[in-house]
1. Could you say which residue among LEU166, LEU181, LEU186, LEU176 is over 19 Å from ALA20 (Cα atoms), part of a helix (DSSP H, G or I) and not basic (Lys, Arg)?
2. Here are some conditions: (1) farther than 26 Å from PHE77 by Cβ; (2) part of a helix (DSSP H, G or I). LEU126 meets all but one. Which one does it not meet?
3. I'd like to know if the stretch 21-35 contains one or more residues that are free of Cβ contacts under 8 Å to residues at least 24 places away in the same chain, under 24 Å from LEU186 (Cα atoms) and not charged (D, E, K, R).
4. Quick one: would you say LEU147 is in contact with a Leu (Cβ under 8 Å, 6 or more places away or on another chain), farther than 19 Å from PHE105 by Cβ and either surrounded by fewer than 19 Cβ atoms within 10 Å (Cβ to Cβ) or not charged (D, E, K, R) (or both)?
5. Quick one: in the stretch 62-94, which of the residues that are polar (S, T, N, Q) and under 24 Å from ILE145 (Cβ atoms) is surrounded by the most Cβ atoms within 10 Å (Cβ to Cβ)?
6. Given the structure, is THR136 at pLDDT below 85, within 24 Å of ASP69 (Cα to Cα) and hydroxyl-bearing (Ser, Thr, Tyr)?
7. Scan (1) under 20 Å from the mean Cα position of the chain (by Cα); (2) surrounded by fewer than 20 Cβ atoms within 10 Å (Cβ to Cβ); (3) not β-branched (Val, Ile, Thr) for the single condition LEU181 breaks and write down its number.
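The values are calculated or read from the model by the stated rules, or taken from the named source; none is laboratory data. All values derive from a computational prediction rather than experimental measurement. Every residue, glycine as well, gets a Cβ built from its backbone with ideal geometry; the counts of neighbours run over all protein chains shown.
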Amino acid sequence: MSLSIATVLPLWVFIGLMVATPGPANMLLMTAGAQQGYIRTLPFIAGLIVGKLGLNLLMALGLSGFLLDNPMLKQVFAVIAGAYMAYLALRTWTPSSGGDSEQRFAFSAGLIVHPLNPKAWVMTTLAVTQFGSEFTTLSERLTIIPLSFIVIQIFAASFWCGAGVLLNRAFGQNLLLHRGLILLTLAVIIWALTL
């Protein structure tokens, strides 16, 4: 099948809806934006994108089928993933002092968020299984699906991080806002684990 807008548009709509909606990674992005600002969160965003690219490639190569065949492994993975994302959120419970330049949401932290994010696994598996058949070759699947995720994720990550920056501007370095975003992140993680 030749590539056309009719072939890729349903995939792009699906990815847009999945990537842009609230989930653990987006809540972490909003928290990071509120705490660090947009520029200092760019390495975290880059880590998220690189981690998601790796996950997309592994799923397109067949990892999704392996996980679907091993539901117990999937459950263990989900618990580990939830614990890691809760750790990322909670380690910023006490804001750093003004002179502390340590970047809490760095590239390395972002790199493993999506590989450990149950929502990312679901959306990537669905993208490969539901839309992958539209692409006749493995090279098309390995190119179009991951690149589509990357482009859409850049915009969605910027939106969520920017929302955090705007909240910070509206309320300042408010401890209630700071901890409220962390609690919201934890609630979304728990919600994602119960799906």
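1. The unique qualifying residue is LEU176.
2. So LEU126 meets the others, but not (1).
3. Step one: of the stretch 21-35, the residues free of Cβ contacts under 8 Å to residues at least 24 places away in the same chain are 21.
Subsequent filtering for residues that are under 24 Å from LEU186 (Cα atoms) retains 21.
Pick out the ones that are also not charged (D, E, K, R) and you get 21.
For the stretch 21-35, residues free of Cβ contacts under 8 Å to residues at least 24 places away in the same chain, under 24 Å from LEU186 (Cα atoms) and not charged (D, E, K, R): present.
4. Working: in contact with a Leu (Cβ under 8 Å, 6 or more places away or on another chain): no; farther than 19 Å from PHE105 by Cβ: yes; either surrounded by fewer than 19 Cβ atoms within 10 Å (Cβ to Cβ) or not charged (D, E, K, R) (or both): yes.
Judged against the criteria, LEU147 is not a match.
5. Applying the first criterion (polar (S, T, N, Q)) to the stretch 62-94 yields 64, 70, 75, 92, 94.
In the following step, the residues that additionally are under 24 Å from ILE145 (Cβ atoms) were identified as 64, 70.
Details: SER64: 21, ASN70: 12.
Checking each candidate, the answer is SER64.
6. no
7. It fails just one condition, (2).
Conditions tested, residue by residue: (1) under 16 Å from VAL113 (Cα atoms); (2) of a type in the set (A, V, I, L, M); (3) touching a His at 6+ places or on another chain (Cβ under 8 Å).
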{"position": "LYS52", "(1), (2), (3)": "yes, no, yes"}
{"position": "LEU61", "(1), (2), (3)": "no, yes, no"}
{"position": "GLY65", "(1), (2), (3)": "no, no, no"}
{"position": "ALA78", "(1), (2), (3)": "yes, yes, no"}
{"position": "ALA83", "(1), (2), (3)": "yes, yes, no"}
{"position": "LEU88", "(1), (2), (3)": "yes, yes, no"}
